[in-house]
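Asker: One structure coming up, written as structure tokens, with questions to follow.
Readers should treat all values here as calculations from the given coordinates under stated rules, not as data from a laboratory. In this text the structure is predicted, and so the values were computed from the model without any measurement. Neighbour counts run over all protein chains shown; Cβ positions are idealised from the backbone, glycine included.
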Amino acid sequence: MDWSRIPSLAALRAFEALARHNSLSAAARDLNVTHAAIAQHLRALETHFGESLATRDGQTMKLTETGRDLADALGEGFGRIAEGVTDIMDRNAIRPITVTLTPSFAEAWLMPRMGQFWSQHPEVEVRLVPSMALANLRRDGIDLAIRFGNGDWPGNDVEPLAVSQFVVVAAPTYTKARTLDELGGLSAHDWFFSAAANEQRVWGKAIGVDFDKVGAQDMANNGMVLSAARAGLGLSIQSKALVAPDLDSGQLTTLYEGDPEGLGYYIVTRPGVLSPGARAFRAWLRKMAQAQV
């Protein structure tokens, strides 16, 4: 490596903090240095590259195109350094693990089972981060993600997690139909979704329901969606595990079930060595999914 072509690591670290915070003052507080020190590092980097990296935009700093390129490279590079250091330090240590997952999966599948994991692994602290966003595992310090889709997340280790399928449900008072075909024009019906979920829309599109054309109503949470469906106000797509009691009691009926090929939940991890806690949690997820099959 030709270190003469690389600016000082202190300047690069300062710029990475500036890019994250979009503020000289916030970057200075983050690194426990002065505002002037961050500004000096920025000027040194701009001199090194021969072009502007950031400009003032009111009270914040706005990155130029070159600045964004540099910030992306530094974020990935420093993230990889942090990952390597953490892996070495944690090879023989149990530390808290961070798991990101969709709110729907947390509600319908994971939380009813988490007590079993905690009883089997009381030494592992699990921090659950429900989110619809696709986190950058390395940058955000995520040990394991549970994502919904077709498994196409390049740069990560991905394996399917065979869990409950989704179903289209409605109350018997809403329709006497027993299939989507019997419903006729889907756009003539009211569909309800939770604003804190996206699996249902992805799944519905895969079975041929285009909600950009059909339209649907978003509600604040899935509890409100289920209340609307039980009251006979319209249709919804739900995890079969979540609505099993309603189906058994006859409060809801299914109009479609069966997951499209390749679409489902996946365990996603960073390539390389997982911490002992993350390995234990992944093995437990596999076991619980297998027990459900």
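Asker: Among residues other than Trp191 whose Cβ falls under 13 Å from its Cβ, what is the net charge (Lys/Arg +1, Asp/Glu -1)? Walk me through the numbers before you get to the answer.
Answerer: On the way: positive: Arg201, Lys205, Lys213; negative: Asp190, Asp210, Asp212, Asp218.
Value of the local net charge: -1.
Asker: Note the direction-averaged projected area, equal to a quarter of the hull surface, for the Cα convex hull of the stretch 148-267, in nm².
Answerer: 7.6 nm²
Asker: On a 0 to 90 degree scale, rounded to 10, what angle separates helix 111-120 from the longest Cα axis of the chain?
Answerer: With rounding to tens, the tilt is 60 degrees.
Asker: Something else now. When DSSP assigns beta bridges and you keep just the ones with both residues in the chain, what percent turn out antiparallel, to the nearest 5?
Answerer: Among the beta bridges of the chain, antiparallel pairing accounts for roughly 65 percent.
Asker: Using 1/(1 + (r/R0)^6) with R0 = 41 angstrom and r between the beta carbons of Thr254 and Leu128, what's the FRET efficiency to the nearest 0.05?
Answerer: Using R0 = 41 Å, I get an efficiency of 0.90.
Asker: Shifting gears a bit: About the Cα centre of the chain, how large is the charge dipole given +1 on each Lys and Arg Cβ and -1 on each Asp and Glu Cβ? Please answer in debye to the nearest 20.
Answerer: Details: 28 positive and 33 negative charges, 118 e Å.
It comes to approximately 560 debye.
Asker: Now, a different point. In square nanometres and to one decimal, what's the mean projected area of the convex hull around the Cα atoms of the chain?
Answerer: On the way: hull surface 79.3 nm².
Computed as one quarter of the Cα hull surface, the answer is 19.8 nm².
Asker: Count of lysine pairs in the chain with Cα atoms under 21 Å apart, counting only pairs 8 or more residues apart in sequence or on different chains?
Answerer: Lysine pairs satisfying the spacing and distance rule in the chain number 4.
Asker: For Ser119 and Asp57 in one chain, what is 0.36 nm times their gap in residues minus the Cα-Cα distance, to one decimal in nm?
Answerer: Here the segment from Ser119 to Asp57 would lengthen by 17.1 nm.
Asker: Looking at the stretch 1-160, what % of its DSSP beta bridges pair antiparallel, to the nearest 5?
Answerer: About 35 percent, rounded to the nearest 5.
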